[in-house]
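First comes the structure, then the notes that go with it.
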Amino acid sequence: MVGKTQSNEEPFGATEMRLNARQWLATLGILLAVNFAAPVIWKKAERFDTGPDYRVPYDLSRDYWLYARWTKRVAVPGNVIVLGDSVVWGEYVRPEGTWSSFLNQESDHRLQFINGGVNGLFPLALEGMVRHYGKMPTKQKVLLHCNLLWLTSPEADLSATKEVHFNHSRLVPQFSPRISCYRADTNERISAGIENRSAFLGWINHLQVAYFEQKSIPNWTLADDGGDPPQYRNARRNPLGNTTMTVPAPPADDPLRGPASPRHKPWSTVGVGTTRFDWVSLDSSLQWAALQRAVRLLRARGNDLFVVVGPFNESMLAPENRAPYQTIRNGVGAWLAREDIRHMTPESLPSLLYADASHPLTAGYELLAKRVLADPAFRQWIEKR
């Protein structure tokens, strides 16, 4: 009698548990519920203290989910959201020494100016921030700062062909327009595109930035202290214990910023510049094209927009380098006028009120606020209801 041959192979794997169609649907439903509910519940449970002159802490500059939460909180009638890079944020000054703070101190209107700046938020990244995380109600007043620093070279403009590593790479356009110096692989680009459109993935990034040193939990657990031999201080720590349910606050006394900081000093003792920037023309600039798209996006959403161009530290420029700068500055103003966008181009501040090419010191922000508030076009804009 011939016996049957018995196969050792399992046709569907080693487990006997099989999900039918109804169970798969239930699983999908649970995953979707967690995807939508977790960020909402977390917002209600996590403490997020702000207060006067709040700005997103430097260490949380890449926490875009928190930025969306912050702008949604302050995007209300009676507030003006000031958008821009570290010039708006205040790289060298304390929170009470920023441009938005002095606008509040010097203004005789009931409007409150909110610091919506983020360190290093160049126009290509600002476009992504506005598109995905900075959605504000119709008629929300928005003061947008245009920093011409990002056109001072092909590297700053991100139009160079050689690879450049830069902050906020996950906010820039991943496929179109093409950024030649951005060499991320397809997986990284797709991941960034999905994260920017997913509240759940944005929340995961918030956890990593706010509580786990900008690392995933496995990488945080395995991180060493750089010593020899290395010490793995997080290896035995419970990740849940590191989640304090309170958004980290900036240091009460930041040694890197404010009049007491060694960084808070004029860029030059004599105020005479010899710098020659390799200016990128408006026609070929990626950063300027991105700023144009951001402006049009804000307008398309019905936001009430005003743009301040500069002021750049013209004293830093070599005499022969001023003509191309003025051509760019005038070209920006001409485009804004053609688009019927309210704007102003303040004159350059006194040389010794700058820390570098574009960042004012505390007294510089105070003077800039006074000049902006005295501008007729700006006064008409803030008085309009």
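All of the numbers you see were taken from the coordinates with simple rules; none came from a lab. Source: prediction; values computed, not measured. Here the Cβ is made from the backbone with ideal geometry for all residues, glycine too, and neighbour counts use every protein chain on show.
For the peptides 199-207, 40-48, residues were scored by their other Cβ atoms within 10 Å and the scores averaged per peptide; the highest-first order is 199-207, 40-48.
Of interest is the spacing of the C-alpha centroids, which for segment 335-385 and segment 181-235 amounts to 38 Å.
Residues in segment 317-322 carry Karplus couplings, in order, of 7, 5, x, 6, 8, 7 Hz; the curve used is 6.51 cos²θ - 1.76 cosθ + 1.60 with θ = phi - 60°, and Gly or Pro positions show x. Hey, any idea what Rg/Rh is for the chain, computing Rh the Kirkwood way over Cα pairs? Expressed as Rg/Rh, it is 1.07. Angle of helix 199-211 to the longest C-alpha principal axis of the chain, folded into 0 to 90 degrees and rounded to 10: 80°.
Over all projection directions, the Cα-based convex hull of segment 283-385 averages an area of 7.5 nm². Working ranking of peptides 81-93, 137-149, 17-29, 168-180 by packing, defined as the average number of other Cβ atoms within 10 Å per residue, highest first, is 81-93, 137-149, 168-180, 17-29.
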